[in-house]
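Since the structure comes first, as structure tokens, the remarks are kept for the end.
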Amino acid sequence: MAAHGDFSMDRFGAERPGVENIDIGRAARSQPVFNFESHSVRSRLEDAIEGVICPRLVLLHHNSNGRPPEKKPTREDIERLAILAIGNDETEAASHFENVRAQQHSFVTLLAYLIAPAARYLRELCREDRCDFFDVTVGEGRLQAIMDRFGSTDASSVPDPRRRAVFIAPPGEAEVFSVKVVARFLEAIGWDVRFERALAAEDAAEAVAGEYVGVVGVTVGAVARLDIAAKTIAKVRASSRNRHVGVMVGGSIFAESPWLAAQVGADAAWLDAPSAAALASHLLMRKTARAL
């Protein structure tokens, strides 16, 4: 844990002295308790994602006649994909995905309503001791292989040059699958996305210094790693070619305590791929407006 010290910042990401000395414990104690796991908070947020964010993103991707698709993968489809992903035959999960995809679902629909929920279901099974961490790792690897295999066929061919994003997992970070889903989802709705794994703060600064980047995402999964996120974000903001770059964070620690996003210098925290896409678009519009 870093030593005690001041951690000052403004809401728009101005230079933050003392990042290396962030006192995560003090920051946490100074904030009101926010029980993200409570039924009322989580259910309202999940309802918003399920009922509003996902359909709108799918609608934008299809550029259709004003209504989101009526058919979505079923709960049975989701759970079956998760179970097959940790089964003995690694081809069965891909076959099941192809069968669901054959129902005329786009890749962005399948990311929002099938792959991401299947990954969440695997973690639920692990928490309930119905599978172990090794199973989850295997399952996420197979879901990643499915994304790699099918993702490019539905990607947008003419991305907006402003919609360029870089997602960063610092060295030693274990929670990387969820950010890969986020990256694939953004690609599927027209973003130019680069994912950098095991990227130190100094290297992250170089990654955004050479070209325009609209949004940067940083993922960490534990309280003890918040100082790493803070240092990475400070370096990114100081070096970015885009002075108004939007920064968001993800990982289980931010899902449990979203207010920690401000403590590490980010603009917002994402819950899952659809919410990350909505946040990225919002940050891009807000930051672009500030630059005018």
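The values are calculated or read from the model by the stated rules, or taken from the named source; none is laboratory data. Owing to the predicted nature of the structure, the values given are computational and were not obtained by experimental measurement. In this analysis, Cβ positions are derived from the backbone assuming ideal geometry, glycine residues included, and neighbour counts consider all displayed protein chains.
Here are F134, F150: which of them is in a helix (DSSP H, G or I), modelled with pLDDT under 85 and over 30 Å from V236 (Cα atoms)?
It is F150.
Limited to the range 241-292, what total is found for residues that are under 19 Å from R194 (Cα atoms) and among the small types (G, A, S)?
Residues that pass the stated criteria total 12.
So, in the range 93-111, how many residues would count as being among the small types (G, A, S), in a helix (DSSP H, G or I) and over 13 Å from G151 (Cα atoms)?
2
Restricting attention to the range 214-228, which residues are in contact with a Pro (Cβ under 8 Å, 6 or more places away or on another chain) and part of a helix (DSSP H, G or I)?
Result: R225, I228.
Got a sec? Which of E211, E175, E206 is among the acidic types (D, E), assigned by TED's automatic domain parsing to the domain that holds R286 and assigned to a helix (DSSP H, G or I)?
None of the other options fit; the residue is E206.
Just give me the residues in the range 229-275 being in a loop (DSSP other than H, G, I, E, B), at pLDDT below 90 and buried (at least 22 other Cβ atoms within 10 Å of the Cβ), in sequence order.
Passing the criteria: only D272.
Taking the conditions exactly as written (buried (at least 21 other Cβ atoms within 10 Å of the Cβ) and touching a residue at least 60 places away in the same chain (Cβ under 8 Å)), does L279 satisfy them or not?
Against the criterion (buried (at least 21 other Cβ atoms within 10 Å of the Cβ) and touching a residue at least 60 places away in the same chain (Cβ under 8 Å)), L279 does not qualify.
Listed here are the residues, each with its yes/no results for (1) in contact with a strand residue (DSSP E or B) (Cβ under 7 Å, 6 or more places away or on another chain); (2) more than 17 Å from E175 (Cα to Cα).
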{"site": "I233", "(1), (2)": "yes, yes"}
{"site": "S239", "(1), (2)": "no, yes"}
{"site": "G250", "(1), (2)": "yes, no"}
{"site": "A255", "(1), (2)": "no, no"}
{"site": "A261", "(1), (2)": "yes, no"}
{"site": "A266", "(1), (2)": "yes, yes"}
{"site": "P274", "(1), (2)": "no, yes"}
{"site": "L279", "(1), (2)": "yes, yes"}
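Which condition from (1) surrounded by fewer than 21 Cβ atoms within 10 Å (Cβ to Cβ); (2) outside the structural domain of D227 (by TED's automatic domain parsing) is the one that R194 breaks?
Answer for R194: the failing condition is (2).
Could you tell me whether A118 is of a type in the set (A, V, I, L, M), touching a strand residue (DSSP E or B) at 6+ places or on another chain (Cβ under 6 Å) and either crowded, with 24+ Cβ neighbours inside 10 Å or within 26 Å of R225 (Cα to Cα) (or both)?
no
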